[in-house]
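In what follows, a structure is listed as structure tokens, so that the remarks can point back to it.
The values are calculated or read from the model by the stated rules, or taken from the named source; none is laboratory data. For clarity, every value in this text was computed on a predicted model and none was experimentally measured. Here the Cβ is made from the backbone with ideal geometry for all residues, glycine too, and neighbour counts use every protein chain on show. Ligands, DNA and RNA are stripped out before the accessible areas are found, and what is left, the full protein with its side chains, is counted by its heavy atoms. Shrake-Rupley method; radii C 1.70, N 1.55, O 1.52, S 1.80 Å.
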Amino acid sequence: IPKDPRMQKSDWSLRPLTLEALEYAAQDVVFLIDVAKRLIDRLTILSRCSWVSEEMERMERIRHVAVDPETSFLSLKGSKSLAGQEKAILKRLFAAREFEAIRRNLPPYYVLSHEKLVHMALNPTDLLDDSFPTANSKGARFHNMLREAILMGQQDPPIIRWRQSYRLLPDQFEAERLRSLKKWRTGIGDKLSIDPYL
């Protein structure tokens, strides 16, 4: 299947989709029915259909857990190296971007990149570089929202780094048990001709 980086990175939320986009999307799924039939045939021969059914039932029970707004901003690359006040600013900027993303019905990254958020927290006086679209009303309104977020973040108390909890290293008995279990798992994987991690 030919992969076009330009199509992969295009904005798929735009409607209507172009004919080129529809054809590109169709190429991704055109072989799936045949692949599914072949996999089912192979699973049937190996008597493993029930394995897949069990796994699918488990996956169906998984429910979305919303991120914690108090700490989700710390998942951004580069956020851990920020000082306390910079983290307070980043937290406010992150919340402003989330609000704007919901308002525009866009992924947060399309509203403002993670890298730009961290850069703004590090350089709050710069606020935004010249590439930010402030010409239209949406841009100007969001620009003001970010400005306010920075001012509020500067007034917030610094966010002190949370202490990480570390697990104790296994003792000799536990380490040996782990080695034995891994060896057993590898043997089962070899016997079934599947990856031991499965």
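Just wondering, is there one or more residues in the stretch 166-176 that are more than 20 Å from residue 85 (Cα to Cα), at pLDDT 90 or above and open to solvent by less than 70 Å² (accessible area, probe 1.4 Å)?
yes
Please identify the pairs in which a residue from the stretch 12-23 that is under 20 Å from residue 105 (Cα atoms) and touching a residue at least 60 places away in the same chain (Cβ under 8 Å) has its Cβ atom under 9 Å from the Cβ atom of a residue that is open to solvent by 80 Å² or more (accessible area, probe 1.4 Å) and part of a loop (DSSP other than H, G, I, E, B), counting only partners at least 6 apart or on another chain.
From the stretch 12-23, the pairs are 13/105.
Modelled with pLDDT under 85 and out of contact with any helix residue (DSSP H, G or I) (no Cβ under 8 Å at 6 or more places or on another chain): does that describe residue 135?
On the way: modelled with pLDDT under 85: yes; out of contact with any helix residue (DSSP H, G or I) (no Cβ under 8 Å at 6 or more places or on another chain): yes.
So residue 135 passes the test.
For the subset of the stretch 58-99 comprising residues that are among the charged types (D, E, K, R) and under 13 Å from residue 117 (Cβ atoms), which member is most open to solvent (accessible area, probe 1.4 Å)?
Just the residues of the stretch 58-99 that are among the charged types (D, E, K, R), to begin with: 58, 60-61, 63, 68, 70, 77, 80, 86-87, 91-92, 97-98.
Remaining after also requiring under 13 Å from residue 117 (Cβ atoms): 77, 86-87, 91-92, 97-98.
On the way: 77: 188, 86: 48, 87: 13, 91: 58, 92: 78, 97: 4, 98: 59 Å².
Restricting to residues being among the charged types (D, E, K, R) and under 13 Å from residue 117 (Cβ atoms), the top hit is 77.
Condition first: buried (at least 16 other Cβ atoms within 10 Å of the Cβ) and either over 16 Å from the mean Cα position of the chain (by Cα) or closer than 15 Å to residue 68 by Cα (or both). Now tell me which residues in the stretch 100-116 satisfy that. If you could, list the steps in order and put the result at the bottom.
As a first pass, look at the stretch 100-116 and keep what is buried (at least 16 other Cβ atoms within 10 Å of the Cβ): 100-101, 108, 111-112, 114, 116.
The answer is 100, 116.
Of all residues in the stretch 12-21, count the ones that are open to solvent by less than 90 Å² (accessible area, probe 1.4 Å) and among the aliphatic types (A, V, I, L, M).
Of the residues in that region, 2 qualify.
Do we find a residue being charged (D, E, K, R), more than 27 Å from residue 157 (Cβ to Cβ) and modelled with pLDDT under 90 anywhere in the stretch 57-79? Outline the logic, then answer.
To start, the set of residues in the stretch 57-79 that are charged (D, E, K, R) comprises 57-58, 60-61, 63, 68, 70, 77.
Going one step further and asking which of them are more than 27 Å from residue 157 (Cβ to Cβ), we end up with 57-58, 60-61, 63.
Of the ones still in play, those that are also modelled with pLDDT under 90 are none.
Scanning the stretch 57-79, I find no residue that is charged (D, E, K, R), more than 27 Å from residue 157 (Cβ to Cβ) and modelled with pLDDT under 90, so the answer is no.
List pairs: first residue in the stretch 119-141 and closer than 14 Å to residue 97 by Cα and open to solvent by 90 Å² or more (accessible area, probe 1.4 Å), second residue at pLDDT 50 or above and part of a helix (DSSP H, G or I) anywhere in the structure, Cβ distance under 7 angstrom, at least six positions apart or on different chains.
Taking only residues 6 or more apart or on different chains, not a single pair turns up.
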